[in-house]
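Please read the structure below before turning to the comments.
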Amino acid sequence: MPKLNPNAKEQPATPEPPKPPKAKAAAPAKGKARTVPAGLKVSQETPLVTAKAGRETKPPKLGASPPFYFRFHPDRWCVLGDHVVPLLGKLKLQGGLNRVEKRNETLHIRVAVSHSEDEGWITIPWDVEGPGTSYIRKIDGTELWISRFERVFPDSEHIATDEAGYIAFLHKLVEDGVVPAPELHVLEALEGKTRQSWGEVADRARHVPSYAALAERLARDLEVVRAEIDKRRGETAPAATAPELPPIADAAGGAS
Amino acid sequence: MADEILYAGIANLRTAEALSTEFLFQYAAREALPQHPALIYGGDAQGRGSVTLKIPVAGLMGYDLLAATGDGSQVANSPLTDAVITVTVGRYSKSYERSDLARLQDALGVLRADMFALDAIASLATTLTSLVANVADDFTTFVGTSGADLTAAQFLSAIALLEIANVPPPYLSILHGRQVGDLRENLAAISAGALQWMDATQQQIELLGTGYRGKFGGVDLFATNHVPSANAGADRAGSMFGRGAIVWADGSVPPEGDPNQLPIGGGKLLVERDRTAKAGLTAWVSHANLGVVKALNAGGVSIITDL
């Protein structure tokens, strides 16, 4: 570029910068596709899809289940979560089931409850935790009744259990005297059953490593049951009188 | 090029969806088990004067032993031990109501009267299965460990407990599908063929019901997902029992000569048509009267294992 003379009266016009040469597109080779030039424009898009149906609106994939009372039997105890707790049954309240009658929309359960109690069951009322409470729930839009310790999910068969809450509920039933504490012979039978299960699994675990966890769990269960037995033995008083024996003839032929 | 005839542009000449000639049934627990000798049929309540049937239980045929009695002594009477089992039938019904518009376009024939009647028969069997499963979970004797899978040893334990209680075979076991699967897997892992599972044949399925899964340890095995839960949903409560543990009964509705009613099986299932002309609706309603009870508690064992 020529130098500008600051003293000159007329300045020559600033010359235009030289134009860059035109980029020549690569000539396609004979019989081959044209290569993609640099700087291809890309737009950010998502494909058009139909709206997904909301899973939250679907009921759980579980069949209907009638309302029920929990009931307790003195012979049914088990180990749950390292605790010896009652294994509760359910008296299901549905017409035609276990002597329950349904007339109009009312369930007549007197005969069913009476027969259940004749068999040794103790029926646990819904408001056992206090007036206005209930341990059963009905899922809206279904005929599914569950306990308050269970949780179901839309469009799913899964049932989640609040084990800690359920164990606390069971302990409270015993503490409050709603159900009696376990008898010693029942605990001893439970110990025998648990020991047998542990023995089978422990033997298997020697050759199949995946059984080790179950063997450990059953060993813990056995300890829990034995601790409960020791506790009950400390509470059980010995018999006060000797049993009455039948008369037995002596060697001379006379009764003693 | 221009004016190509594209699929998107001929909406007036095509349909959005075409109905296939094939159709499927939704998955459901459709097992039926009414024919096993372990289940006692208490009778039909029709014309008996009550919806409650009573089955007497007598302590005879070897129940009491002879007592050693001295020469010349009078033998004391043995008390006759008796009991009674009562079963009350209740009404079970279902209704499907279709409009005339739904009926006229029915290309697959699923909205026809005969289809609804077949469905009613299948539903009756499945309902009875569900009722039996829901009374069999509460025997006072039980096997199984909460939170642990069912094992073959526990299954054999249940057999032993029934034998100890003098329950005569054959035994029937009703388990949840998960329990059957766990048992099968445990057998495959441990027995190396020493314990045999005899799978069901087609003939046995036709005779004993669609839930029949075969025989193991001499016990007939049925699977149904109607088996209820236990321990607040943590486990499933299956069962094993012999004859006397479960009693069921039904009630036939006598026919009235009504052309809109179709009694099936002598009235054990009643299918009837209810037309609401003004609304153009036709309902097909099915009714049955069923009752199931747990009878002799010592005749069964609950099997409570992980879900």
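Assorted remarks:
- Residue match in the range B:257-271 (condition: among the aliphatic types (A, V, I, L, M) and closer than 30 Å to B:GLN154 by Cα): no
- Only one entry in A:ARG110, A:ARG137, A:ARG99, A:ARG103 is among the charged types (D, E, K, R), under 20 Å from the mean Cα position of the chain (by Cα) and farther than 25 Å from B:VAL143 by Cα, namely A:ARG137.
- Qualifying residue in the range B:255-266 (condition: within 21 Å of the chain's Cα centre (by Cα) and within 14 Å of chain A (Cβ to nearest Cβ)): no
- Of B:LEU104, B:LEU175, all but one fail to be away from every other protein chain (no Cβ under 14 Å) and closer than 30 Å to A:HIS73 by Cα; the exception is B:LEU175.
- Test: residue in the range B:57-75 that is touching a helix residue (DSSP H, G or I) at 6+ places or on another chain (Cβ under 8 Å) and surrounded by 13 or more Cβ atoms within 10 Å (Cβ to Cβ): no
- Residue among A:GLY130, A:GLY81 that is modelled with pLDDT under 95, farther than 28 Å from B:THR305 by Cβ and within 29 Å of the chain's Cα centre (by Cα): A:GLY130
- Given (1) free of Cβ contacts under 8 Å to residues at least 24 places away in the same chain; (2) touching a Lys or Arg at 6+ places or on another chain (Cβ under 7 Å); (3) assigned to a helix (DSSP H, G or I), index of the condition A:LEU214 fails: (2)
- Pick from the range B:76-91, criterion modelled with pLDDT of 85 or more and of a type in the set (Ser, Thr, Tyr), ranking: surrounded by the most Cβ atoms within 10 Å (Cβ to Cβ): B:THR88
- Among residues of the range B:73-119, those that are among the hydroxyl-bearing types (Ser, Thr, Tyr) and farther than 21 Å from B:LEU262 by Cα, counted: 5
- Checklist (1) under 25 Å from B:ALA136 (Cβ atoms); (2) among the small types (Gly, Ala, Ser); (3) more than 19 Å from the chain's Cα centre (by Cα) applied to A:SER147, failing item: (3)
- Among (1) touching a helix residue (DSSP H, G or I) at 6+ places or on another chain (Cβ under 8 Å); (2) at pLDDT 80 or above, the one test that B:PRO34 misses: (2)
- Strands (runs of 3 or more DSSP E) lying entirely in the range B:64-178 (those with 2 or more residues that are hydroxyl-bearing (Ser, Thr, Tyr), in contact (Cβ under 8 Å) with a residue 40 or more places away in the chain and in contact with a strand residue (DSSP E or B) (Cβ under 6 Å, 6 or more places away or on another chain)): B:82-88, B:90-99
- Residue within the range B:40-47 that is in contact with a Ser or Thr (Cβ under 7 Å, 6 or more places away or on another chain), surrounded by 11 or more Cβ atoms within 10 Å (Cβ to Cβ) and modelled with pLDDT of 85 or more present: yes
- Selection count where residues are in contact with a Lys or Arg (Cβ under 7 Å, 6 or more places away or on another chain) and without any contact (Cβ under 8 Å) to a residue 12 or more places away in the chain, scope the range A:138-151: 0
- Of residues in the range B:218-253 being hydroxyl-bearing (Ser, Thr, Tyr) and assigned to a strand (DSSP E or B), the one surrounded by the fewest Cβ atoms within 10 Å (Cβ to Cβ): B:SER229
- Answer from A:PRO154, A:PRO131, A:PRO182 - the residue that is more than 9 Å from chain B (Cβ to nearest Cβ), assigned to a loop (DSSP other than H, G, I, E, B), out of contact with any Lys or Arg (no Cβ under 8 Å at 6 or more places or on another chain) and not charged (D, E, K, R): A:PRO131
- Note on the range A:83-122: residues that are touching a Lys or Arg at 6+ places or on another chain (Cβ under 6 Å) and surrounded by fewer than 17 Cβ atoms within 10 Å (Cβ to Cβ) total 1.
- For the range A:157-167, the tally of residues that are acidic (Asp, Glu) and either surrounded by 13 or more Cβ atoms within 10 Å (Cβ to Cβ) or within 8 Å of another protein chain (Cβ to nearest Cβ) (or both) stands at 2.
- Restricting the range A:185-210 to residues that are over 28 Å from the mean Cα position of the chain (by Cα) and part of a helix (DSSP H, G or I), the residue that is nearest to A:ASP230 (Cα to Cα): A:GLU188
- Once the range B:94-112 is narrowed to residues that are of a type in the set (Gly, Ala, Ser) and surrounded by fewer than 12 Cβ atoms within 10 Å (Cβ to Cβ), the residue that is nearest to A:GLY96 (Cα to Cα) is B:GLY109.
- Taking the criterion of being surrounded by 17 or more Cβ atoms within 10 Å (Cβ to Cβ) and at the interface with chain B (Cβ under 10 Å from one of its Cβ atoms), the residues of the range A:185-205 that qualify are A:LYS193, A:THR194, A:SER197, A:TRP198, A:GLU200, A:VAL201, A:ARG204.
- The range B:83-101 - residue that is among the small types (Gly, Ala, Ser) and out of contact with any Ser or Thr (no Cβ under 9 Å at 6 or more places or on another chain) and, of those, nearest to the other protein chains (Cβ to nearest Cβ): B:GLY90
- Hey, A:SER147 of a type in the set (S, T, N, Q) and within 11 Å of chain B (Cβ to nearest Cβ) or not: yes
- Test: residue in the range B:120-127 that is closer than 30 Å to A:ARG99 by Cβ, more than 14 Å from chain A (Cβ to nearest Cβ) and touching a Pro at 6+ places or on another chain (Cβ under 7 Å): yes
The values are calculated or read from the model by the stated rules, or taken from the named source; none is laboratory data. Nothing here was measured: the structure is a model prediction, and the numbers come from that model. Glycine also receives a Cβ, built like all others from the backbone with ideal geometry; neighbour counts cover every protein chain displayed.
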